[in-house]
1. Counting only residues 5 or more places away or on other chains, whose amide H sits under 5 Å from the amide H of V82 once H atoms are built in the peptide plane?
2. Quick check on the chain: helices-only [θ] at 222 nm, where DSSP H runs of length 4 and up contribute -39,500 (n - 2.57) each and the sum goes over total residues. Nearest 500, please.
3. Sorted from fewest to most neighbouring beta carbons within 10 Å, what does the list E55, E46 look like?
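Please treat every number below as a calculation from the coordinates, not as lab data. Since the model is a prediction, treat every value here as computed from it, not as a measurement. Heads up, the Cβs are rebuilt from the backbone with ideal geometry, glycines too, and the neighbour counts pull from every protein chain shown.
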Amino acid sequence: MLHGTGGTEHDLLGLADALDPQATVLSPRGRVTEIGMNRWFRRLAEGVFDLDDVELRSDELADFVTAARAHYELGGLNLVAVGFSNGANVALATALRHPSTVPHVIAFSGMHPLPGRVADTDLNATSVLLLNGESDPMAPLASVDALAAELEARGAAVQQVRRTGGHGVTEADVYAAQGWLAR
Ligand code: MLT
């Protein structure tokens, strides 16, 4: 579970429970701060990411997942990264760069985290659910569409859910994510 800007590791625990009450939950805290707000990577302005930092922090997150799996003896459990906003963006970046560590992503109000930095990882075993509002200035649909096209071109199974409104997680989004997860 990967919180949004200004959040903490506690924010999405209720969402985790709604998605799968039986799941084992890892919920870390973003290591970057921006005027006191926790984030997962640096940005230069809203929607303009420090791409080197996105890569560095997503590599760190993949290392965390690997270490946590060993530490908590999670064995062969499937891992689904669930993120909101900045947390969705780091989940997507990590899935793009480390698909065997993060093979599945549910991204609430996420966008393309690494525009122009295409890695050549094979995403044939990757599945991604992108849930977005149609009028979300923080996650423009052009960026979401570019991401979906890139994921699909590299073999990922992508499902997109669009709703009216902007940035956030609605009840309908949660229902859609429950259904996707169950499938
Ligand atoms: C980001 O910085 O990842 C996005 O703009 C969303 C956010 O404001 O956290």
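1. HN-HN under 5 Å from V82: L2, I106.
2. Dividing the helical sum by the residues of the chain leaves -11500 deg cm²/dmol.
3. Arranged by neighbour count, lowest to highest, E55, E46 become E46, E55.
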